[in-house]
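Trainee: My questions will all concern the structure given below.
The values are calculated or read from the model by the stated rules, or taken from the named source; none is laboratory data. Owing to the predicted nature of the structure, the values given are computational and were not obtained by experimental measurement. Just so you know, the surface numbers come from the protein's heavy atoms only, side chains and all, with ligands and any DNA or RNA stripped out. Shrake-Rupley method; radii C 1.70, N 1.55, O 1.52, S 1.80 Å.
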Amino acid sequence: MAFVKNFVKLGVCGLSKSYYWRTFIWGAVPMIIILGICGLMVNDSPKNMDALLGKDPTASIAMLIMMLIVVIVALLCYPFAKYVWDSIMEYLFPIENRPTIIIFSKTFLWIFWWVLVIRYFILLGFAVYIAPFVWIYLYRQNKKLVAFEDANSF
C-alpha cells in the first residue's frame, strides 16, 4: 500500500500544481462547451436519439455514463499529454534560441484558431495512452530527486 501511495504522490508531484490545474482547466473548457452543445442537440431532437439508440432509455443512460467516464479520464490525463507537448516544443525550439518568426507567436495561433483546436483534440485523443508513460517518468525523476535530497540532508 505504501508503494501505491508513494507512486501516486511522486507521479502527480512531477507537475507543479499551477501547471496541472492551468492545463486541466484550459483542457476542460472546450470539452464542457462541446458537451453542452451535444446536450442541446440531444435535448432538441429526441426523435433522432430514438432512431439512433432505440426507444430503450437504459441504452441512452448507459451511453451517457460511458461518455462521461471517458471524458473525465481523458481530461485527467490531458495535463500529462500537454507536458509531453511542451517538452517536445521546448526541445525543438528552446526559449533562448527561439526564432522570432510570426509562426511561433501567440497572435498567429489565435488568428488561426483551428491549429489550437486540432492540437487540443490530438492531445486529448492520445492523453490516455501517453499519461501512464509520463507518470512513470515523473515518478522515477522524483524518486531520484527525493533520494538525492535525503543523501544530502545528512
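Trainee: Which value, in Å² and to the nearest 10, is the accessible area of Leu40 when all protein chains are kept and the probe is 1.4 Å?
Mentor: It works out to around 120 Å².
Trainee: So how do Ile34, Ile136 rank on accessible area, 1.4 Å probe, biggest first, that is with the largest at the start?
Mentor: Ile136, Ile34
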